[in-house]
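**Q** The following block contains the structure, expressed as structure tokens.
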Amino acid sequence: MTANTSFRIAVLPGDGIGHEVMAPCLAVLDAAARRVEGIGLHYEVMEAGAGAYRDTGVAMSASVLRTCADADAILLGAMGLPGVRYPDGTEIAPQIDLRMEFGLYAGVRPVRALPNVPSRLADPRAQTMDFVVIRESTEGLFASRGKGEVIDDQEARDTMVITRAVCEPLFDFAFALGRSRKAKGAPGVVTCVDKANVFKSFAFFRKIFDERATLAPDLRAEHAYVDATALFMVQRPWTLDVLVTENMFGDILSDLGAGLMGGMGFAPSADVGAKHAVFQPCHGTAPDIAGLGRANPTAMILSSAMMLDWLADRHQRPEAAATASLIHRAVDQALIGGMRPYELGGSDGTAEIARRILHAVETIAVTGV
Ligand code: ATP
């Protein structure tokens, strides 16, 4: 990539509050990129999701999928509508199909205390919390999606799938993340979260983790059961570093992490594979607040900063990392300046939060280029 090359970003706002949080996110991205200079961002905005399925009969068309495949990165709002279902009654969730299609095995969900966001925990050490849940995102219990069965209206079965082909790169990714965090002062501990005491599938998961841990002697590899991990996340989240776990467990633990950060509107995420990555907030389409202008776009905006960091690494573009850093610091600055989303009991809606973060992007110092 040459000095002035632009990144092509496939943008899928989706459904519900997906559109509401995507618009401010693109405005913040553009403002930050303009201030840092050196990278261009070109968006291909496309319709996909439950609304697309309702209107066209297709949740994600082949041409949308192709554009996503050719893009440098994919930004996604949220998808799914309560009243729109496939004929078998299941939800329209092409965002899950994207994970399978592009092999996005590592769902990265950072959990960090944000400045001036009151903690749900009384212990002041919660203000130093900074850990990451890595949710395997292509198999586990979700491998049964669309395949589970109900037998004679008496019994239901869904099957968990754990494969070596996915676990090896997943654990290598977790150790690499542990290493880069350690270089910035984190403890360098990677914990395999499972239920290996009960299930063969999880004993296998743990066995592969231990094998890959031997390739990372500079880090501490630990194990924890998922139930104990839920307890630790509430009791002492400030001691955690990198947690790596199965799809369903990660789904649950990352919402717990979002709660610890202040609410769903604060929790960013990335789904990363060998070639592609999708960046989207941890939250869904929030039908209860869609259309009210109350959605907090911070999680979407922080997800776009994760995208810039990923692009910076992949293409050796420090300007992209500097743009990500500007966005992170702008969010912190807006919070320090008194930004109070509805989900924290405040009265700042989507537009006001966007205004405050944009103002910070435009006024704080640019560093790190
Ligand atoms: P999914 O199954 O896709 O995760 P869901 O309906 O279970 O969807 P969310 O859509 O994430 O879950 O909503 C959970 C709760 O969090 C809702 O009360 C919703 O209003 C709230 N919420 C989600 N996102 C935001 C946001 N960006 N700002 C404020 N509140 C949010």
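**Q** Right, V278: in contact with a strand residue (DSSP E or B) (Cβ under 6 Å, 6 or more places away or on another chain) and not in a helix (DSSP H, G or I) or not?
**A** yes
**Q** Would you mind stating whether L240 is at pLDDT 95 or above and either within 16 Å of the ligand (Cβ to nearest atom) or open to solvent by less than 70 Å² (accessible area, probe 1.4 Å) (or both)?
**A** Yes, satisfied.
**Q** So, in the range 245-277, exactly how many residues are among the β-branched types (V, I, T) and away from the ligand (no atom under 14 Å from the Cβ)?
**A** 2
**Q** Pick from D30, D97: which is without any contact (Cβ under 8 Å) to a residue 40 or more places away in the chain, within 16 Å of the ligand (Cβ to nearest atom) and within 26 Å of T298 (Cα to Cα)?
**A** Working: D30 fails: within 16 Å of the ligand (Cβ to nearest atom).
The match here is D97.
**Q** Further question: Residues in the range 307-320: is at least one closer than 23 Å to E139 by Cβ, touching a strand residue (DSSP E or B) at 6+ places or on another chain (Cβ under 7 Å) and either open to solvent by 10 Å² or more (accessible area, probe 1.4 Å) or within 12 Å of the ligand (Cβ to nearest atom) (or both)? Let's see the steps before the verdict.
**A** Going through the range 307-320, the residues closer than 23 Å to E139 by Cβ turn out to be 310.
With touching a strand residue (DSSP E or B) at 6+ places or on another chain (Cβ under 7 Å) added as a condition, the list becomes 310.
Of the ones still in play, those that are also either open to solvent by 10 Å² or more (accessible area, probe 1.4 Å) or within 12 Å of the ligand (Cβ to nearest atom) (or both) are 310.
Yes: the range 307-320 contains one or more residues that are closer than 23 Å to E139 by Cβ, touching a strand residue (DSSP E or B) at 6+ places or on another chain (Cβ under 7 Å) and either open to solvent by 10 Å² or more (accessible area, probe 1.4 Å) or within 12 Å of the ligand (Cβ to nearest atom) (or both).
**Q** Is it fair to say H42 is within 16 Å of the ligand (Cβ to nearest atom), open to solvent by 40 Å² or more (accessible area, probe 1.4 Å) and assigned by TED's automatic domain parsing to the domain that holds E319?
**A** Details: within 16 Å of the ligand (Cβ to nearest atom): no; open to solvent by 40 Å² or more (accessible area, probe 1.4 Å): yes; assigned by TED's automatic domain parsing to the domain that holds E319: yes.
So H42 fails the test.
**Q** Same structure, new question: For the range 328-343, enumerate the residues that are within 16 Å of the ligand (Cβ to nearest atom) and open to solvent by 40 Å² or more (accessible area, probe 1.4 Å).
**A** Those that are within 16 Å of the ligand (Cβ to nearest atom) and open to solvent by 40 Å² or more (accessible area, probe 1.4 Å): R340, Y342, E343.
**Q** Considering only residues of the range 278-295 that are within 20 Å of R135 (Cβ to Cβ) and more than 8 Å from the ligand (Cβ to nearest atom), which is surrounded by the fewest Cβ atoms within 10 Å (Cβ to Cβ)?
**A** It comes out as V278.
**Q** Taking the condition open to solvent by 20 Å² or more (accessible area, probe 1.4 Å), more than 16 Å from the ligand (Cβ to nearest atom), more than 20 Å from the chain's Cα centre (by Cα) and in contact (Cβ under 8 Å) with a residue 24 or more places away in the chain, does R66 pass? I'd like the intermediate steps shown before the answer.
**A** Details: open to solvent by 20 Å² or more (accessible area, probe 1.4 Å): yes; more than 16 Å from the ligand (Cβ to nearest atom): yes; more than 20 Å from the chain's Cα centre (by Cα): yes; in contact (Cβ under 8 Å) with a residue 24 or more places away in the chain: no.
So R66 does not fit the description; no.
**Q** For the structure I just gave you, tell me whether T298 is over 16 Å from A71 (Cβ atoms), open to solvent by less than 30 Å² (accessible area, probe 1.4 Å), in the same structural domain as M339 (by TED's automatic domain parsing) and within 11 Å of the ligand (Cβ to nearest atom).
**A** It is true that T298 is over 16 Å from A71 (Cβ atoms), open to solvent by less than 30 Å² (accessible area, probe 1.4 Å), in the same structural domain as M339 (by TED's automatic domain parsing) and within 11 Å of the ligand (Cβ to nearest atom).
**Q** Here are T67, T90: which of them is within 24 Å of S137 (Cα to Cα) and in contact with a strand residue (DSSP E or B) (Cβ under 7 Å, 6 or more places away or on another chain)?
**A** Exactly one residue qualifies, and that residue is T67.
**Q** Here's another thing I want to ask about it. Please go through the range 109-130 and pick out each residue that is open to solvent by 80 Å² or more (accessible area, probe 1.4 Å) and not in a loop (DSSP other than H, G, I, E, B).
**A** P124, R125, Q127, T128
**Q** Among the candidates S303, S325, which residue alone is assigned to a helix (DSSP H, G or I) and more than 15 Å from the ligand (Cβ to nearest atom)?
**A** S325
**Q** I need the full set of residues from the range 284-300 which are among the hydroxyl-bearing types (S, T, Y) and in a loop (DSSP other than H, G, I, E, B), in order please.
**A** Correct list: T285 only.
**Q** Answer yes if at least one residue in the range 159-170 is of a type outside the set (A, V, I, L, M, F, W, C), open to solvent by less than 30 Å² (accessible area, probe 1.4 Å) and touching a helix residue (DSSP H, G or I) at 6+ places or on another chain (Cβ under 7 Å), and no otherwise.
**A** Initially, the range 159-170 is screened for residues of a type outside the set (A, V, I, L, M, F, W, C), giving 159, 163-164, 168-169.
Next, only the ones that are open to solvent by less than 30 Å² (accessible area, probe 1.4 Å) stay: none.
No: the range 159-170 contains no residue that is of a type outside the set (A, V, I, L, M, F, W, C), open to solvent by less than 30 Å² (accessible area, probe 1.4 Å) and touching a helix residue (DSSP H, G or I) at 6+ places or on another chain (Cβ under 7 Å).
The values are calculated or read from the model by the stated rules, or taken from the named source; none is laboratory data. Keep in mind it's a predicted model, so treat the numbers as computed, not measured. Every residue, glycine among them, receives a Cβ derived from its backbone with ideal geometry; neighbour counts consider all protein chains shown. Accessible surface areas use protein heavy atoms only, side chains included; no ligands, DNA or RNA. Shrake-Rupley method; radii C 1.70, N 1.55, O 1.52, S 1.80 Å.
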